[in-house]
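Student: I'd like to ask some things about the structure below.
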Amino acid sequence: FQKQVCDDIGRRLTVLGDAWAQGKLSAPVRKRMSLLVQELQQQHWDAADEIHRSLMVDHVNEVSQWLVGVKHLIAETRSLPAVEPAAATDGSATAGPGQE
């Protein structure tokens, strides 16, 4: 089961990465995804989940192919043992998906 979940997340994040790289995402979606990445890096699961929900409500047509993968990623990372939050000053939070 775990491999299936990981494979599904990977496929959906690949769709997100391709859309980002091809400039197919609107500025509001790119901005919210950058914020979501920052929240994940800081292990702020509830804030990341709130951003995910706002994307689904406000931009459903644009995000429907890949946002389920983001939801699963939040759920899976939330269930992992706690580790030190990643340094937010390394610049990776502003990189596009797949560039980290």
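The values are calculated or read from the model by the stated rules, or taken from the named source; none is laboratory data. Since the model is a prediction, treat every value here as computed from it, not as a measurement. When we count neighbours, we look across all protein chains shown, and the Cβ atoms used for this are built from the backbone with ideal geometry, even at glycine. Accessible surface is based on the protein model in full, side chains and every heavy atom, while ligands, DNA and RNA are left aside. Shrake-Rupley method; radii C 1.70, N 1.55, O 1.52, S 1.80 Å.
Student: Going through the stretch 43-95 one residue at a time, which ones are at pLDDT below 85 and under 14 Å from LEU16 (Cα atoms)?
Tutor: ALA95, the sole residue that qualifies.
Student: Just to be sure before I move on: is LEU13 touching a Gly at 6+ places or on another chain (Cβ under 9 Å) and either in a loop (DSSP other than H, G, I, E, B) or open to solvent by 30 Å² or more (accessible area, probe 1.4 Å) (or both) in the structure I sent?
Tutor: Yes.
Student: Can you find even one residue in the stretch 30-44 that is over 26 Å from ALA82 (Cα atoms) and under 13 Å from the mean Cα position of the chain (by Cα)?
Tutor: Yes, the stretch 30-44 contains at least one residue that is over 26 Å from ALA82 (Cα atoms) and under 13 Å from the mean Cα position of the chain (by Cα).
Student: Restricting to the stretch 18-51, give me the number of residues that are surrounded by fewer than 19 Cβ atoms within 10 Å (Cβ to Cβ), part of a helix (DSSP H, G or I) and among the basic types (Lys, Arg).
Tutor: Counting residues in the stretch 18-51 that are surrounded by fewer than 19 Cβ atoms within 10 Å (Cβ to Cβ), part of a helix (DSSP H, G or I) and among the basic types (Lys, Arg) gives 2.
Student: Can LEU55 be described as hydrophobic (A, V, I, L, M, F, W, C) and open to solvent by less than 40 Å² (accessible area, probe 1.4 Å)?
Tutor: Judged against the criteria, LEU55 is a match.
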